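As structure tokens, the structure follows; a few thoughts come after it.
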Amino acid sequence: MGYARTYASAVLWRGRVPMEPADFVPDWADRPRKDKYFPAAPHFPLPDCPPGPAAAVGRGLFGPRGEDGFTLPLLGGMLRDSYGLTGRRLGVQANSDLGTLPRYPHANFSRGTASGGGLYPIGIHWVSGPSGPLTPGVHHYSTPHHSMRRLLTGDVTPDVRAALGGRADDCDQFLVLTVKFWQNAFKYNSFAYHVVTMDLGALLETWRIWAGAQGLRLDAALWFDEERLGRLLGLGAEEEGVFAVVPLRWAGAPTESLAAESQSAEPLSAKALSAEPTGAVVRAVDQERSRTVIGFETVRRIHRATLEGAAERPAEGVLDTALAEAWDRLRAAAEPARPVGEPVTLPEPQQTPMGVREALRSRRSSFGRFTGNPPMTAGQLSTALAAAASAGRLADCQEGPQERSLTRLHVFVNHVAGIPAGAYAYEPDGRTLRPVKAGPQGWFLQRNYFLDNYNLEQAGALILVSAPTPAVLDAVGDRGLRLVNAAVGATSQALYTVAPAAGLACGVALGFDSVSYTEHLGLVDGEELPLLIMMIGQEHRSPADFDHAIA
């Protein structure tokens with residue numbers, strides 16, 4: 001048994017058996033920055049590209065993808081709407097940081113993509129070759145400035161193509177996603193790896209929706225020669241990791257220039273794309289704010305485990321076969337011994353014409369503002385569930401399953417018009433809620449939530465995301481832990497994005513007793529893991545709020 005299964009079990013039981021070090025207390029005064037800082041690196045502002053009128057949330061979630069390519073304004077727009085800072089918020093809510101938010105050092109700046117604990121640890125690097133608008137090199141996206149910081153000059157895209165093992169031999173533009181573990185572990189210690197792998201999926205899902213709304217296709221890779229890319233970017237092997245590579249199909253010369261960085265885009269030659277890897281290394285080093293940086297052995301062990309076989313992409317069909325067998329077995333085992341009630345068929349999902357930019361900039365966590373009066377409609381619930389279920393396959397990921405979902409959804413209905421209160425298993429193919437537990441569930445939900453920032457009974461519905469993590473690990477190895485968690489993170493981001501378009505508030509939480517949910521729903525212990533709870537519903541009208549847009 002690989003270490004990933006041990007780690008997944010520790011996460012499952014952490015509500016009852018704390019993960020080591022159990023006595024760890026974050027030093028908030030010595031916290032790291034939310035973004036890497038390269039003081040000596042020149043930075044070049046990115047242009048913006050507001051999505052067009054046809055770029056609606058519904059199209060991004062379910063619409064067809066085309067073969068068009070990115071331009072510099074499109075890339076700038078996607079980065080700003082996903083990870084760029086878009087506003088400062090001061091809302092009266094139930095989270096524990098409310099008293100510090102008015103102070104500028106603790107200001108809460110909003111972004112389009114959700115992140116566990118609001119920490120945003122994903123680093124975005126743009127490795128550009130000769131077909132793009134910049135002098136070839138490696139750039140790091142600076143989220144506070146919406147700009148690119150140049151870390152290396154020269155075409156190193158052959159190194160990226162070599163790391164991908166021939167899967168992007170016609171591409172010379174790549175987004176490379178990295179994680180510096182301390183940016184999350186300073187708060188979550190050993191739990192950090194679980195959180196950051198979900199953050200990865202949330203960001204990829206934002207890009208899937210944003211690009212899909214433009215009719216563009218992304219094709220992220222999670223299996224590649226990670227050690228090669230880590231050396232290229234100058235990452236410390238135990239402190240940072242490379243978690244995804246996204247080849248970008250490029251449309252040609254940009255419509256705008258980046259001052260001195262601009263150059264005309266010449267057509268690529270076959271010779272240029274067949275160049276040998278350079279072996280170059282980024283020498284620029286980010287400036288760490290924390291005086292004391294702690295390395296957690298559990299994080300190191302699980303990271304080493306997921307590096308094994310990183311360049312050995314799973315064989316086609318293996319994951320779908322494993323998921324089909326696992327879900328058939330797990331669903332049959334979780335079937336109630338006696339009928340609980342009649343299945344509920346949900347109406348067709350609502351149309352969501354709201355633009356993807358508007359939806360992403362409206363995204364926020366409700367934090368205690370839910371109210372059960374008025375209740376949600378069944379149409380709103382159907383819309384939310386369809387969006388969440390659409391993310392379970394990681395559709396724009398090369399190693400994601402082709403047919404089967406990595407996740408399953410259960411719904412705890414509290415206040416939905418026309419649907420009896422109870423716990424249900426959601427079957428997306430028929431838009432059906434199959435009853436598992438009858439009657440109000442608020443007592444169970446609140447008793448098994450660790451924090452004080454939500455009254456779960458007041459949410460219109462709570463959606464539980466579970467996954468057959470052990471079956472995936474058996475099929476594709478320990479690196480499959482990243483794949484599963486990315487699908488869960490993607491599910492949360494899909495729900496967050498569709499919620500404002502459907503007229504709903506939303507919140508997501510990790511602080512719950514997973515074992516209690518397993519027992520309550522009759523899931524197979526240790527085989528189907530409850531990984532995330534997501535709340536949707538109505539909010540109190542006219543809340544005390546301040547929202548200052550900066551983008």
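Against the numbered list (1) within 25 Å of Gln183 (Cβ to Cβ); (2) of a type outside the set (Phe, Trp, Tyr); (3) modelled with pLDDT of 95 or more, Val285 comes up short only at (3). Selection of segment 431-445 for residues being within 18 Å of Ala505 (Cβ to Cβ) and either at pLDDT below 95 or over 25 Å from the mean Cα position of the chain (by Cα) (or both) yields only Gly442. Screening Asp225 on (1) within 25 Å of Ala486 (Cα to Cα); (2) among the acidic types (Asp, Glu); (3) at pLDDT 95 or above; (4) touching a Pro at 6+ places or on another chain (Cβ under 8 Å) shows it passes everything except condition (4). Highlighted here are the helices (runs of 4 or more DSSP H) found entirely within segment 119-226 that include at least 3 residues which are hydroxyl-bearing (Ser, Thr, Tyr) and in contact (Cβ under 8 Å) with a residue 12 or more places away in the chain: 192-213. Can you confirm whether segment 28-44 contains a residue that is small (Gly, Ala, Ser) and part of a loop (DSSP other than H, G, I, E, B)? Within segment 28-44 (the criterion being small (Gly, Ala, Ser) and part of a loop (DSSP other than H, G, I, E, B)), the answer is yes, since at least one residue qualifies. When the criteria are applied in full, Thr206 meets the requirement of being over 27 Å from Arg283 (Cα atoms), crowded, with 23+ Cβ neighbours inside 10 Å and of a type outside the set (A, V, I, L, M, F, W, C).
Would you please name the residue that is modelled with the highest pLDDT, looking only at residues in segment 500-551 that are of a type in the set (Ser, Thr, Tyr) and surrounded by fewer than 20 Cβ atoms within 10 Å (Cβ to Cβ)?
Only one residue fits best here, namely Ser516.
Within segment 108-148, the residues that satisfy the criterion of being among the β-branched types (Val, Ile, Thr) and out of contact with any Pro (no Cβ under 9 Å at 6 or more places or on another chain) are Thr113, Ile122, Ile124, Thr135, Val138, Thr143.
What single numbered condition from (1) open to solvent by 60 Å² or more (accessible area, probe 1.4 Å); (2) not in a loop (DSSP other than H, G, I, E, B) fails to hold for Asp23? Unmet condition: (2). Residues in segment 408-425: is at least one within 25 Å of the chain's Cα centre (by Cα) and either assigned to a loop (DSSP other than H, G, I, E, B) or acidic (Asp, Glu) (or both)? Checked against the condition, which is being within 25 Å of the chain's Cα centre (by Cα) and either assigned to a loop (DSSP other than H, G, I, E, B) or acidic (Asp, Glu) (or both), segment 408-425 yields no hits at all.
When the test is whether a residue is surrounded by 23 or more Cβ atoms within 10 Å (Cβ to Cβ), among the hydroxyl-bearing types (Ser, Thr, Tyr), within 24 Å of the chain's Cα centre (by Cα) and within 28 Å of Ala4 (Cα to Cα), Thr497 does not pass it.
If you scan segment 411-424, which residues turn out to be closer than 15 Å to Val465 by Cβ and touching a Pro at 6+ places or on another chain (Cβ under 8 Å)?
Looking only at segment 411-424, we keep the residues that are closer than 15 Å to Val465 by Cβ, and these are 411-412, 423-424.
Residues satisfying the conditions are Ala423, Tyr424.
A single member of Arg357, Arg393, Arg361 is part of a loop (DSSP other than H, G, I, E, B) and touching a residue at least 40 places away in the same chain (Cβ under 8 Å), and it is Arg393.
Going by the structure shown, is Ser492 in contact with a Lys or Arg (Cβ under 6 Å, 6 or more places away or on another chain), at pLDDT 95 or above and within 26 Å of Leu323 (Cβ to Cβ)? When the stated conditions are applied, Ser492 does not pass them. Scanning segment 74-118 for residues that are open to solvent by less than 10 Å² (accessible area, probe 1.4 Å) and part of a helix (DSSP H, G or I) yields Leu75, Gly76, Gly77, Met78, Leu79, Asp81, Ser82.
Among the residues of segment 420-433, those identified as of a type outside the set (Phe, Trp, Tyr) and buried (at least 20 other Cβ atoms within 10 Å of the Cβ) are Gly422, Ala423, Ala425, Leu433.
The values are calculated or read from the model by the stated rules, or taken from the named source; none is laboratory data. Not measured: the values here are computed from a predicted model. So basically every Cβ, Gly included, is an ideal-geometry build from the backbone, and we count neighbours across all protein chains shown. Ligands, DNA and RNA are stripped out before the accessible areas are found, and what is left, the full protein with its side chains, is counted by its heavy atoms. Shrake-Rupley method; radii C 1.70, N 1.55, O 1.52, S 1.80 Å.
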